[in-house]
Amino acid sequence: MRHIISVILENEAGALSRVAGLFTQRGFNIESLTVAITNDPSLSRMTIVSSGSDRVLEQIVKQLNKLIEVVKVSDLTSQDHVERELLLAKISSNSKEGANIQELVEIFGCKVVDVTDKVYTIEVSGKSKKINAFLDAFDPASIIEVTRTGVTGISRGKKLI
Amino acid sequence: MKLNGAEILIDCLQKEEVEHVFGYPGGAVLHIYDALEAQDKITHILVRHEQGAAHGADGYARANGKPGVVLVTSGPGITNAVTGIATAHMDSIPMVIISGQVPSPLIGMDAFQEVDATGITRSCVKHNFLIRDISEIAMTVKKAFHIATTGRPGPVVIDIPKDITIAKMEVEEYPTTIEMRSYKPTIKASDRQIKKAAEMLANSKRPILYAGGGCVIGNASKELREFTRMVGFPITQTLMGLGTYPMTDKQSLGMLGMHGTYEANMAMHGSDCVVAIGSRFDDRITGNLEKFCPTAKFIHIDIDPSQISKNVVAHIPIVGQTKQVLQALIDQMKDKKLEDISKWWSQIEEWRKVDSLAYKKSSGVIKPQTVIEMLYEVTKGKAIVTSDVGQHQMWAAQYYLFDEPRQWINSGGLGTMGFGLPAAMGAKLAMPDRDVACVTGDGSIQMMLQELSTMLQYSTPVKIINLNNGYLGMVRQWQEFFYEKRYAMSYMDALPDFVKLAESYGHMGIRVEKEEDLKPALIEAFNQKDRTVFLDIVTDPSENVFPMIPAGGGHSDMLLAGRDEMVSKDETDFNAV
């Protein structure tokens, strides 16, 4: 099962490699990983998407907690939460879909952020499924280049990590 | 007063009450060595190879419970130490390793003797630090010792660039306490879990205690003894736990696992309640997990939450220090009425009668088991025994009946050949009044021979018991059983004359070829209080370690000596590790 794990850790050099290293070292699966500073500049927040059985997930959470620089770990999937991912995609304007790009942009509620004579650059944000659906709407040949941020997420309401 | 980084570092080590540092100098640490030379509180042990420094500090830490300290230079200095660091990490030994690094501006430039020390050691340390500014030294050292010695202990590396050791700053007060928001090892176990465990224990009909290295490291031996005697349960110990409960006691079933006793493994197999105390269900303990303890419920006591339900799902997990949890269990169970387990004990006594450690003596050849039994006799069971890795390690574990914790020192987790000799040196430095024996083999001893030189320089007289069978015995044993006797590279041709070798290092060497010479040689060796004695004992090359659970087997699938047939052989998966 897919899990979104939030990790608060000391904003120190090497902390990221410890987390990444842990996943390879123990054979844990990693689908995406995002990391950036929080409102407290001494802390970073990392969001990891992984999958595995409940026992594997239990180990992932425990092993993450064991890292000295990790302050807090929480499995977002087990609580009410919001998740988002950002996609930037370059679509060929010569393609069939390129012709009605405005229509697709409207349907998916995304933005055209740059246009040249041959290429539209489009920004999509939403759940990973929405991003997948957006990309599926194009003929693969018309997708020139994509970059995805990976998932980030936060719990709803008053509850903090 | 202004001090340079090296002086601050040494000052911090003194404040941490470090008495011995095992190390080897080199370019990046020369300022540190300069500062070390200017003081006399810390004794530096100059090893002959950095791996020896790490094992030496490790043996020191295992013998007296204090953190071992290592000082090595950058590049090959730290890479040589990595095996020793990984060894300590696998067995949760508190160690602080200080490695020099090339000057800060050169980091990342492929400078001479540069390696990414924190990168290389990351997966085999509890934590590591790269110091970036002189002002970080004191706090980093404080954190390193705190992390290494608390919770589940382990090695911590501090990598310090050369320019920082010569930079100067006004000294600040060394911190006396430390608070880390990201590191708070769980200490107090939940009362609710203790109560649940007490309830389960009181109602179990076939209980067994399974104690591991966590009882030794957690100094829980006293509580373990009191608890075990109070409840009257059988107890088995892991390779890492030996001695935490006296092996000569009638409630002790000896070691369990791959080369454990018949009674210990059968009792695990038949138990309805297994209490794991500071042990981690290692694959050498459990054998095939699908066949492991088919009727048992598990109570798992460990300070490290990640050990719980990692290999075996615990019914009652208790996260806490073994010492405190055992004390809480004693208090909780004092007035509890327990199930009558006399039937269970009579079953265990039946298993005990199998006498699984019995072996046949044959004339004209010394059996390795006899050597260990005689070592036990000559040292009256009181020596600190270190070992290397292989058959001799298992025989030492099986036939030397350890009655005290920290008496048995071996590389259980990583299985590092070469560990025994430098560890013995470290143990002797930590416990100068104790007899220290290093049980080794002709393969293992050659991996760290150079430390014989260190042992002369610092007068650390240990007795080396070399079980010389001309083979890498454990490899040969597996090849005999599982590779149709194809002995690929397990025979060692061209062994040195160990007696002359010992003598050339300034020690005493005795070769023993006949059993009647064995006891006098051992007595002679231990009478030499101030000398290291190398006993090169020629032992039966065909002897195997029994009992044995072949890889893929369960606890009831044991090969016994002289009874080579095994239960459920067909189900055994020889492809397992």
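The values are calculated or read from the model by the stated rules, or taken from the named source; none is laboratory data. Computed from a predicted structure; not experimentally measured. Cβ coordinates were reconstructed from backbone atoms using ideal geometry, including for glycine residues, and neighbour counts include every protein chain displayed. Remember, those area values only see protein heavy atoms, side chains included, never the ligands or the DNA or RNA. Shrake-Rupley method; radii C 1.70, N 1.55, O 1.52, S 1.80 Å.
If you check every pair at least six apart or on different chains, which have Cβ atoms under 8 Å apart with a residue in region A:6-17 that is more than 7 Å from chain B (Cβ to nearest Cβ) and closer than 26 Å to A:Ser51 by Cβ first and a residue that is open to solvent by 70 Å² or more (accessible area, probe 1.4 Å) and small (Gly, Ala, Ser) second?
none
Based on this model, can you work out whether A:Ala20 counts as more than 20 Å from the chain's Cα centre (by Cα) and at pLDDT below 95?
no
Per-residue answers, yes or no, for (1) hydroxyl-bearing (Ser, Thr, Tyr); (2) open to solvent by 20 Å² or more (accessible area, probe 1.4 Å):
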{"position": "A:Ser6", "(1), (2)": "yes, no"}
{"position": "A:Ala13", "(1), (2)": "no, yes"}
{"position": "A:Leu16", "(1), (2)": "no, yes"}
{"position": "A:Val19", "(1), (2)": "no, no"}
{"position": "A:Gln25", "(1), (2)": "no, yes"}
{"position": "A:Ile30", "(1), (2)": "no, yes"}
{"position": "A:Asp40", "(1), (2)": "no, yes"}
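Starting from region A:57-70, take each residue that is more than 7 Å from chain B (Cβ to nearest Cβ) and list its partners that are among the basic types (Lys, Arg), counting only C-beta distances under 7 angstrom and pairs at least six apart or across chains.
That search, which allows pairs on different chains as well, returns A:Leu67/A:Arg18.
Return the residues of region B:366-398 that are open to solvent by 40 Å² or more (accessible area, probe 1.4 Å) and not acidic (Asp, Glu); say none if nothing qualifies.
If the condition is that a residue be open to solvent by 40 Å² or more (accessible area, probe 1.4 Å) and not acidic (Asp, Glu), then B:Tyr376, B:Lys380, B:Lys382 are the ones that fit.
Considering only region B:127-152, how many residues are within 27 Å of B:Ala220 (Cα to Cα) and within 13 Å of another protein chain (Cβ to nearest Cβ)?
Total meeting the criteria: 9.
In region A:71-100, what residues are in contact with a His (Cβ under 6 Å, 6 or more places away or on another chain) and either modelled with pLDDT under 90 or within 14 Å of chain B (Cβ to nearest Cβ) (or both)?
If the condition is that a residue be in contact with a His (Cβ under 6 Å, 6 or more places away or on another chain) and either modelled with pLDDT under 90 or within 14 Å of chain B (Cβ to nearest Cβ) (or both), then no residue fits.
Where residues in region B:243-280 are assigned to a helix (DSSP H, G or I) and open to solvent by less than 10 Å² (accessible area, probe 1.4 Å), which of them is nearest to B:Trp344 (Cα to Cα)? Steps first, please.
Taking region B:243-280 and keeping what is assigned to a helix (DSSP H, G or I), we get B:262-270.
Applying the additional criterion that residues be open to solvent by less than 10 Å² (accessible area, probe 1.4 Å) yields B:264-265, B:267-268.
Details: B:Ala264: 13, B:Asn265: 14, B:Ala267: 9, B:Met268: 12 Å.
Filtering first and then ranking leaves B:Ala267.
Out of A:Gly109, A:Gly126, which single residue is on the phi > 0 side of the Ramachandran plot and open to solvent by 20 Å² or more (accessible area, probe 1.4 Å)? First the steps, then the outcome.
Working: A:Gly126 fails: open to solvent by 20 Å² or more (accessible area, probe 1.4 Å).
After ruling out the rest, the residue left standing is A:Gly109.
So in region B:325-336, with the set limited to residues that are in contact with an Asp or Glu (Cβ under 8 Å, 6 or more places away or on another chain) and open to solvent by 10 Å² or more (accessible area, probe 1.4 Å), which one is nearest to the other protein chains (Cβ to nearest Cβ)?
B:Ala328
Counting only residues that are over 26 Å from B:Arg152 (Cβ atoms) and free of Cβ contacts under 8 Å to residues at least 12 places away in the same chain, which one in region A:38-56 is nearest to the other protein chains (Cβ to nearest Cβ)?
The extreme case among them is A:Asp40.
Could you check region A:18-37 and list, in sequence order, the residues that are polar (S, T, N, Q) and within 11 Å of another protein chain (Cβ to nearest Cβ)?
Selection gives A:Thr24, A:Gln25.
Assess whether B:Gly52 counts as being of a type outside the set (A, V, I, L, M), closer than 22 Å to B:Gln407 by Cα and buried (at least 24 other Cβ atoms within 10 Å of the Cβ).
Against the criterion (of a type outside the set (A, V, I, L, M), closer than 22 Å to B:Gln407 by Cα and buried (at least 24 other Cβ atoms within 10 Å of the Cβ)), B:Gly52 qualifies.
Whether any residue in region A:137-155 is open to solvent by 70 Å² or more (accessible area, probe 1.4 Å), among the hydrophobic types (A, V, I, L, M, F, W, C), within 30 Å of A:Asn65 (Cα to Cα) and in contact with a strand residue (DSSP E or B) (Cβ under 8 Å, 6 or more places away or on another chain) is what I want to check.
Yes - at least one qualifying residue is present in region A:137-155.
Can you work out which of the residues in region B:309-324 that are facing another protein chain (nearest Cβ under 8 Å) and either open to solvent by less than 40 Å² (accessible area, probe 1.4 Å) or β-branched (Val, Ile, Thr) (or both) is farthest from the chain's Cα centre (by Cα)?
B:Val313
Do you know which residues across region B:453-473 are assigned to a helix (DSSP H, G or I) and either within 21 Å of the chain's Cα centre (by Cα) or of a type in the set (Gly, Ala, Ser) (or both)?
Result: B:Ser453, B:Met455, B:Gly473.
Quick one: in region B:154-183, of everything that is in contact with a Ser or Thr (Cβ under 9 Å, 6 or more places away or on another chain) and open to solvent by 20 Å² or more (accessible area, probe 1.4 Å), which residue is nearest to the other protein chains (Cβ to nearest Cβ)?
It comes out as B:Tyr183.
Tell me, yes or no, whether region B:282-290 has at least one residue that is under 21 Å from B:Leu326 (Cα atoms) and surrounded by fewer than 24 Cβ atoms within 10 Å (Cβ to Cβ).
no
Hey, among B:Asp442, B:Asp497, B:Asp493, which residue is in contact (Cβ under 8 Å) with a residue 24 or more places away in the chain and either over 23 Å from B:Ala81 (Cβ atoms) or open to solvent by less than 50 Å² (accessible area, probe 1.4 Å) (or both)? Even if it seems obvious, please write down each step before you answer.
Working: B:Asp497 fails: in contact (Cβ under 8 Å) with a residue 24 or more places away in the chain; B:Asp493 fails: in contact (Cβ under 8 Å) with a residue 24 or more places away in the chain.
The unique qualifying residue is B:Asp442.
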